[in-house]
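Taken together, the values in this text are just the output of simple stated rules run on the coordinates, not laboratory data. Fair warning: this is a prediction, and the values are worked out from it, not measured in the lab. Cβ atoms come from the backbone with ideal geometry, glycine included; neighbour counts cover every protein chain shown.
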Amino acid sequence: MSDIKKFMFVNRKAPYGTIYALESLEVVLIAAAFEQDVSLAFMDDGVYQIKKGHQTKGIEVKGFEKTYGALEDYDVTKLYVDAESLAARGLTADDLTVPVEVMSRAELGKMMEEQDVLLSF
Amino acid sequence: MLNIVNKSPLERNALQSCIETGTGGAILLIEDGVYAVARGNSFEPTLKAAMGKFKVYALAPDLEARGIADRVMDGVTAVDYGGFVDLVAEYKSSQSWL
Amino acid sequence: MKFSILVNEGPYTHQASDSAYQFAKAVLAKGHEIFRIFFYHDGVNNATRLTTPPQDDRNIVNRWSKLGEEHKLDMVVCVAAAQRRGIVDDGEAKRNGKDATNLAAGFRISGLGQLIEAGIQSDRIVVFGD
């Protein structure tokens, strides 16, 4: 496989209520292993995926907050968050478990337009 | 980009987010997304306003299945599955707003 | 043009699988190539040969198998998602000590790398889900 493509994973769903966030993360790690140009976008309820302080003991579901923190080890550092989605949920970048780049919807839309492959789950 | 939306705008915000985020190109409404193009629905003004930025298509078999093929608002082009394929081919990338 | 398709939902509950099937047929009818169809999340349930829908309903699983056979399609079920949901072939049954298999004809179980490879190798990839 010679060429590198721009893969963006668009996360618009909250964690735990459905499995999409967890299984999306599993694909992200594989894409990184394939040495593709990987970025993640969080918007709408997807921003809750990286809200700090998940404690999942009570629901007996494996928590995966730490995995977002480990993305850096896989050279996945392009994490984009929609400012409007954060504000609509009373959150700021300080509430998030990883460093991200907060941007407007218009800026996020431009990023999306530059991608070769957009995967959503 | 081709934006594919499969949710009714009266139940979920997928179409709203798509319209606010997308830089242009086309929106194809499929499955329950086709309710967005039914004349007189409360999302109509928002979709009409977005037509300056996006070309809007709706999947005919999904319109027909839901009994709304005869009330598609002006400015929307109905396509069959072959037309869906052509749209995917026409745009460099596609995004499904699930 | 080379297409790939990602199916994120199982049969019957969501229309996603039906839409993906109709889209795949149209891709082939237009003379394009399908590099791969990848089944993920509950989409892996499209690959169980144990479904028995009512006679007057479509048989979604058989329909995939038939399309796959007719066009020599590469239909891949994600192994991690399949293990979670009980989709099993001979190899998986042996590895995990299961007493039965249920993978339908035309499907194969493999890793998520197959999805990324599909993204790399295909001109277009279209996602069907909920």
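Per-structure values
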read-out	value
Cα gyration tensor shape of the range B:43-98, rounded if a/c is under 1.5, else prolate or oblate by comparing a/b with b/c	oblate
Rough spin-label spacing in nm, given labels placed 7 Å along Cα→Cβ, for B:Ala89 and A:Thr92	5.2
Average Cα contact separation per residue, the range B:2-97, under 8 Å, 6 or more apart, as relative contact order %	35
Inter-centroid distance (Cα atoms) of the range A:1-57 relative to the range C:1-67, Å	24
Karplus (6.51, -1.76, 1.60) ³J(HN,Hα), θ = phi - 60°, over the range B:9-17, in Hz, Gly and Pro reported as x	x, 8, 10, 10, 9, 4, 5, 4, 4
Among beta bridges that DSSP assigns inside chain C, antiparallel share in %, nearest 5	5
Order of A:Lys62, A:Lys78, B:Lys53 under a 10 Å beta carbon neighbour criterion, fewest first	A:Lys62, B:Lys53, A:Lys78
Highest-fluctuation residue, C:Asp89, C:Asp42, C:Asp99 considered, GNM on chain C with Cα pairs under 10 Å	C:Asp99
Cβ-defined net charge surrounding A:Ala88, 12 Å radius [Lys, Arg +1; Asp, Glu -1]	-3
Within 10 Å of each Cβ in A:13-24, the average number of Cβ atoms from other chains	2
Residue of B:Ala50, B:Ala38, B:Ala65 that the Gaussian network model of chain B assigns the largest fluctuation, springs spanning Cα pairs under 10 Å	B:Ala65
For chain A, built as a Gaussian network whose Cα springs stay under 10 Å, the top-fluctuating residue of A:Asp94, A:Asp45, A:Asp37	A:Asp94
Count, lysine Cα pairs under 24 Å in the range C:2-128, 8 or more residues apart or across chains	8
Share of alpha-carbon pairs per 10 Å distance bin for chain B, given as whole %	18, 57, 25, 0
Cα-based reach from A:Lys52 at 19 Å (exclusive), listing lysines while leaving out same-chain residues under 8 positions away	A:Lys13, A:Lys62, A:Lys66, A:Lys78
Which listed pairs, of B:Lys7/B:Lys53; A:Lys6/B:Lys7; A:Lys51/B:Lys48, have C-alpha distances above 29 Å, in listed order	A:Lys51/B:Lys48
In sequence order, calculated HN-Hα J values of the range A:16-29 (Karplus, 6.51, -1.76, 1.60; Hz; x Gly/Pro)	6, x, 9, 7, 4, 4, 5, 6, 5, 4, 5, 5, 4, 5
Cα-based reach from A:Lys5 at 18 Å (exclusive), listing aspartates and glutamates while leaving out same-chain residues under 8 positions away	A:Glu35, A:Asp37, A:Asp75, A:Glu113, A:Glu114, A:Asp116, C:Glu117, C:Asp123
Shielding by partners - mean other protein chain Cβ count within 10 Å, residues of A:107-118	6
Point-to-point label distance, C:Gln55-C:Thr13, nm (Cα→Cβ direction, 7 Å offset)	2.9
Rounded if a/c under 1.5, otherwise prolate or oblate - the range C:2-128, Cα gyration tensor axes	oblate
Inter-chain shielding of C:86-98 (mean C-beta neighbours from other protein chains, 10 Å cut-off)	0
Where the Cα pairs of the protein assembly as shown fall when distances are cut into 10 Å bins, in %	5, 25, 34, 25, 10, 1
For C:Val126, distant residues with modelled amide H under 5 Å away	C:Ser4, C:Ile5, C:Leu6
Relative contact order computed over chain A (Cα-Cα under 8 Å; 6+ residues apart), in percent	34
